[in-house]
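Student: Sending over a structure as structure tokens; questions will come in a sec.
The values are calculated or read from the model by the stated rules, or taken from the named source; none is laboratory data. This is a predicted model, so every value here is computed, not measured. With ideal geometry, Cβ positions are generated from the backbone for all residues, glycine too; neighbour counts draw on all protein chains shown. For accessibility, only protein heavy atoms count, side chains too; no ligands or nucleic acids. Shrake-Rupley method; radii C 1.70, N 1.55, O 1.52, S 1.80 Å.
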Amino acid sequence: MAMLEIKNLGISFGGLRAVDRFEVNIEKGQLYGLIGPNGAGKTTVFNMLTGVYKPSDGIIRLDGKDLVGKSTIEINKEGVARTFQNIRLFSDQSVLDNVKIGLHNDYPYSTLTGILRLPKYRKVEKEMDEKARELLKVFELDDKEEYLASNLPYGQQRKLEIARALATNPKLLLLDEPAAGMNPNETKELMDTIRFVRDEFDMTILLIEHDMKLVSGICEELTVLNFGQVLAQGKTSDVLNNPEVIKAYLGE
């Protein structure tokens, strides 16, 4: 059984069919790509996977558990985390605190415990600090834990967003155009980071991306969306050499 199973997924907005009959199976530990022209429905798929949108029809299962109809928080607790095309960090909080926010699934305490700074609060905060620093070290951000997130260079903000997503202890990580706005050196470094995350954390990753060098360099399989429908699907080399994909996606 695939870790992520999507069947006949679709959604309509005001009579417009934004995504229609989308299907994909992704195995545990796979690094899978979702590509297509602007407006093809890629981010809409991510929004359905994370509970931002409720599908009009179709099935989404993670390790056999149905995710359709669950809230964003519930889906995150089931093991799905994501980043965004436009980075969404808590810019007025420290690098360390941004990662700690992602840890609250595993380190809960009551509001009263926090307000009164009871012993459990101090114990949990210490454990969270240690775990957050471990993640920051993975991304070579441990020397910047006291920086405001907004003061990090762009490429490091991307890394911080991935670190915060991993702090929720996901099974499936969704990356929405993580290379957007990066220069070639930053993109190469990002590719290494994504491979490292997959291998080090035994992570399953679904990636939306426009940078074809990045896609061809790290994704084992691809699905191409066009006008909300699957245009091509399969091994990366086969998909990128498909004449229909070249015509629709590369504009040739």
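Student: Heads up, I need the accessible area for Thr187: 1.4 angstrom probe, whole protein in place, Å², nearest 10.
Tutor: 10
Student: Which of the three applies to region 183-252, rounded, prolate or oblate, going by the alpha-carbon gyration tensor with a ≥ b ≥ c and a/c under 1.5 meaning rounded?
Tutor: prolate
Student: Students often get this wrong, so try it: which of (1) 28, 20, 18; (2) 33, 22, 15; (3) 40, 22, 21 is semi-axes √(5λ) of the Cα gyration tensor in Å as calculated from the structure shown?
Tutor: It is the one labelled (2).
Student: Quick check: from the Cα gyration tensor, does region 1-43 come out rounded (a/c under 1.5), prolate or oblate?
Tutor: Oblate is the answer for region 1-43, as a/c is 1.5 or above yet b/c matches or exceeds a/b.
Student: I've got another one for you. If R₀ is 41 angstrom, what is the calculated FRET efficiency for the pair Ser216 and Glu127, using the beta carbon separation as r and rounding to 0.05?
Tutor: Given R0 = 41 Å and the Cβ-Cβ separation, E is 0.50.
Student: Pairs of alpha-carbon atoms within less than 8 angstrom and 6+ residues apart define the contacts here; what relative contact order does region 1-90 have, in percent?
Tutor: With pairs under 8 Å counted, the relative contact order is 31 percent.
Student: I would also like to ask the following. Helix 119-138 against the longest principal axis of the chain: what's the angle in degrees, Cα atoms only, rounded to the nearest 10?
Tutor: Rounded to the nearest ten degrees, it is 50.
Student: Per residue, what volume in Å³ does the convex hull of the Cα atoms of region 118-252 enclose?
Tutor: Normalising the Cα hull of region 118-252 by residue number yields 144 Å³.
Student: Over the chain, what relative contact order in percent results from Cα pairs under 8 Å that are six or more residues apart?
Tutor: Contact order relative to length: 27 percent.
Student: What angle, in degrees between 0 and 90 and rounded to the nearest 10, separates the Cα long axis of helix 154-166 from the longest principal axis of the Cα atoms of the chain?
Tutor: That helix lies at roughly 80 degrees to the long axis.
Student: Label Glu244 and Glu74 with points 7 Å out from Cα along Cα→Cβ: what is the distance between them in nm?
Tutor: 3.6
Student: Rounded to the nearest 10 degrees, what's the angle between the helix 184-200 long axis and the longest principal axis of the chain, both from Cα atoms, 0 to 90?
Tutor: Helix 184-200 sits roughly 80 degrees off the main axis of the chain.
Student: Moving on to the next point. Provide the percentage of antiparallel DSSP beta bridges, counting only those with both residues in region 119-252; round to the nearest 5.
Tutor: That works out to approximately 55 percent antiparallel.
Student: For region 163-215, what is the Kirkwood hydrodynamic radius in Å, using each pair of distinct C-alpha atoms?
Tutor: 11.5
Student: Net charge within 10 Å of Arg21 by Cβ-Cβ distance, Lys/Arg positive one each and Asp/Glu negative one each, not counting Arg21 itself?
Tutor: Local net charge: -1.
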